1. Among the numbered criteria (1) assigned by TED's automatic domain parsing to the domain that holds residue 247; (2) surrounded by fewer than 23 Cβ atoms within 10 Å (Cβ to Cβ); (3) under 30 Å from residue 240 (Cα atoms); (4) touching a Lys or Arg at 6+ places or on another chain (Cβ under 8 Å), which one does residue 192 miss?
2. How about the stretch 82-115: which of its residues are of a type outside the set (Ser, Thr, Tyr) and either in contact with a Cys (Cβ under 7 Å, 6 or more places away or on another chain) or part of a strand (DSSP E or B) (or both)?
3. Name the residue, out of 235, 202, that is at negative phi and within 20 Å of the chain's Cα centre (by Cα).
4. Can you tell me which residues in the stretch 12-30 are buried (at least 19 other Cβ atoms within 10 Å of the Cβ) and of a type in the set (S, T, N, Q)?
5. Here are some residues: 141, 118. Which one is part of a helix (DSSP H, G or I) and either on the phi > 0 side of the Ramachandran plot or surrounded by fewer than 22 Cβ atoms within 10 Å (Cβ to Cβ) (or both)?
6. Regarding residue 210, is this residue charged (D, E, K, R), over 20 Å from residue 258 (Cα atoms) and surrounded by 15 or more Cβ atoms within 10 Å (Cβ to Cβ)?
7. Considering only helices (runs of 4 or more DSSP H) fully contained in the stretch 239-304, which possess at least 3 residues that are at pLDDT 95 or above and under 20 Å from the mean Cα position of the chain (by Cα)?
8. Give the stretch 160-176 a look and list any residue that's in a loop (DSSP other than H, G, I, E, B), out of contact with any strand residue (DSSP E or B) (no Cβ under 6 Å at 6 or more places or on another chain) and farther than 17 Å from residue 221 by Cβ, or say none.
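The values are calculated or read from the model by the stated rules, or taken from the named source; none is laboratory data. Note that this is a predicted model, so its numbers are computed, not measured. Don't worry about glycine lacking a Cβ; one is built from the backbone with ideal geometry, like all the others, and counts go over all protein chains shown.
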Amino acid sequence: MSENLFNYKFIGVDIGGSHITAALISPEQCTIDAGSKVRRRVDAKGDAVSILKTWAEVLNSFIRADDNKHLLKVGIAMPGPFDYQKGISLIKGLNKYDALYSLDIREALSSATGLEPSNILFRNDAEAFLHGEVIFGKIPSNVKVIGVTLGTGLGSAVSMNSITRDVFRAITPMYESIAEEYISTRWFQKRFKELTGRFLIDVEALLSEDELIKSQLFAEFGKNLGLFLDSFVSDENADIIIIGGNIARCLDYFKEEMLGHISSPDVQVRQSILWENAALIGAACSYHEAEELAKTANSGSKVC
């Protein structure tokens, strides 16, 4: 990170389907400042004014009266679809944040906080997750890392040479549909109902179910994920896989089956070490990455 960026205060933000989380991030170590994390519930089905008001209130809680707002930088991990360069929400028909569709979120937050628009950066949430894990874990830049987030949806990203990018493999064809339909919380809920006739509130609740049902669902899920990762590893020639998201907390229950469907003998599989903090760090530390991209563009060299 350049000396210029050390003069700034960095705020990492993670926008979820029902919450906003934010924290101060140290640019030197790319870690969360102790005691700085704030989490607020958000009515994702509410109107645009109330949603943006809550987000702005969280950001404003980090701004002191004596702060030079020109030296405050915010990195926001945002679910898609979203125009990350322009800061415009494209979320529609997903039962969350519909009211923000086509709005310029960067300009709205700038107006509500006094922060410069250029100091508010957005990035895909899965991309931010992997970037946070890679830089916090000090993984060498010449090692190719792929990441997946397992939850209500399926996120995917690739990181190498200090650059992390979303690759949106959720729509990869699988069986009779797409990968996300077989590798997400709703797959567990659908399959559980097919087998039992009952509703499963979340994957964690499966742990207290009958051993036979639990084993069958985790085995089927492990196979689905293993097949997905096998092609992902092959396409990217990856060295490391990092798995995050709420479902990844149950990794021990499906890891063996998953590994049985990954053909590469050398790829390492790692569970997230930062969990929800990864996206905060990855989003706030995106400014360093932006510098690397600018250097690459100026030099005319290619980034993998």
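1. Failed condition: (3).
2. Just the residues of the stretch 82-115 that are of a type outside the set (Ser, Thr, Tyr), to begin with: 82-83, 85-88, 90-96, 98-100, 103-109, 112, 114-115.
Selection gives 82, 83, 88, 104.
3. Values: 235 fails: within 20 Å of the chain's Cα centre (by Cα).
Unique residue meeting the criteria: 202.
4. Hit for the stretch 12-30 is 21, nothing else.
5. Working: 141 fails: part of a helix (DSSP H, G or I).
The conditions single out 118.
6. Working: charged (D, E, K, R): yes; over 20 Å from residue 258 (Cα atoms): yes; surrounded by 15 or more Cβ atoms within 10 Å (Cβ to Cβ): no.
Considered against the rule, which asks whether it is charged (D, E, K, R), over 20 Å from residue 258 (Cα atoms) and surrounded by 15 or more Cβ atoms within 10 Å (Cβ to Cβ), residue 210 comes out as no.
7. Numbers: elements: 251-259, 277-284, 286-299.
Counting at least 3 such residues, we get 277-284.
8. The initial filter retains those residues of the stretch 160-176 that are in a loop (DSSP other than H, G, I, E, B), namely 161-162, 167-168, 172, 175-176.
Filter once more, keeping what is out of contact with any strand residue (DSSP E or B) (no Cβ under 6 Å at 6 or more places or on another chain): 161-162, 168, 172, 175-176.
Hits for the stretch 160-176 are 161, 162, 168.
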